[in-house]
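Written out below as structure tokens is the structure these notes cover.
The values are calculated or read from the model by the stated rules, or taken from the named source; none is laboratory data. The model shown is predicted, which means the values in this text are computed figures rather than measured ones. Here Cβ is always computed from backbone atoms with ideal geometry, including for glycine, and neighbour counts include all displayed protein chains. In case anyone asks, the SASA skips ligands and DNA or RNA and just uses the protein heavy atoms, side chains included. Shrake-Rupley method; radii C 1.70, N 1.55, O 1.52, S 1.80 Å.
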Amino acid sequence: MRTLFAALCMLAGASGVALADPTGLLVNGTVVKPIGGEGHVGQSSGAGGEILLLPTSSWLVQIGGYGVFGRPATGVEARDIFDLHLQVGMTPASRTATVAPYACLGIDVLSITTRDHDKGETARGTTLGVSAQAGVLGRIGDRGLVKASGTYLGAIVPGTGDDLGGLVLQLAAGMAFD
């Protein structure tokens, strides 16, 4: 994953095209690594999509969602998470930057299913969460967008009281619009 992230950053840096378009549509690969519940909750992976709005030279808004599915394993709970989020953030880079670091804060609506395959138990519910994201946004060519981000997601899992706290890692690619 580090190699892919480095390659995306180099491609974005080599393109020489500015981050000037105000809207983009991205699809992403997503991995959620649990922070709470070490050893009893497994990693989840999936995909998602996002609309990226750049209303000013320093503000950005992200509206999107993802679905990840837990990997069943002996002695480990599998957690499926469906997320819809709104994140607002800032970037210190100007519109002329080819690669722009950014940071966002957001609110997430989460639908969670926790499955314990050993016991045959399932818990489901919906909850609100908060998130803090940092990443880089870059351009490839005239319209190509790439984004790599890490997000801390905090919420309580409904029905279990477990901490959902996790690290959400995403690599995204998409297209910018005028």
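Every residue in region 137-160 that is open to solvent by 20 Å² or more (accessible area, probe 1.4 Å) and under 12 Å from the mean Cα position of the chain (by Cα), please.
Correct list: 150, 152.
Scan 82, 5 and give me the residue that is among the aromatic types (Phe, Trp, Tyr), touching a strand residue (DSSP E or B) at 6+ places or on another chain (Cβ under 7 Å) and at pLDDT 75 or above.
Criteria check complete, one pass: 82.
Specify the residue that is surrounded by the fewest Cβ atoms within 10 Å (Cβ to Cβ); the eligible residues are those in region 120-132 that are closer than 24 Å to residue 91 by Cβ and touching a Gly at 6+ places or on another chain (Cβ under 7 Å).
So, considering only residues that are closer than 24 Å to residue 91 by Cβ and touching a Gly at 6+ places or on another chain (Cβ under 7 Å), the one surrounded by the fewest Cβ atoms within 10 Å (Cβ to Cβ) is 130.
If I go through region 24-60 residue by residue, how many of them are farther than 19 Å from residue 112 by Cα, open to solvent by less than 40 Å² (accessible area, probe 1.4 Å), at pLDDT below 95 and not polar (S, T, N, Q)?
4
Evaluate the following for residue 89: is it buried (at least 17 other Cβ atoms within 10 Å of the Cβ), at pLDDT 90 or above and either of a type in the set (S, T, N, Q) or over 22 Å from residue 46 (Cα atoms) (or both)?
Here the answer is yes, as residue 89 does meet what is asked.
Would you say residue 112 is closer than 14 Å to residue 163 by Cα, outside any loop (DSSP other than H, G, I, E, B) and within 13 Å of the chain's Cα centre (by Cα)?
It is false that residue 112 is closer than 14 Å to residue 163 by Cα, outside any loop (DSSP other than H, G, I, E, B) and within 13 Å of the chain's Cα centre (by Cα).
Which ones in region 61-86 are under 21 Å from residue 127 (Cβ atoms) and open to solvent by 60 Å² or more (accessible area, probe 1.4 Å)?
Within region 61-86, 63, 69, 82, 84, 86 meet the criteria.
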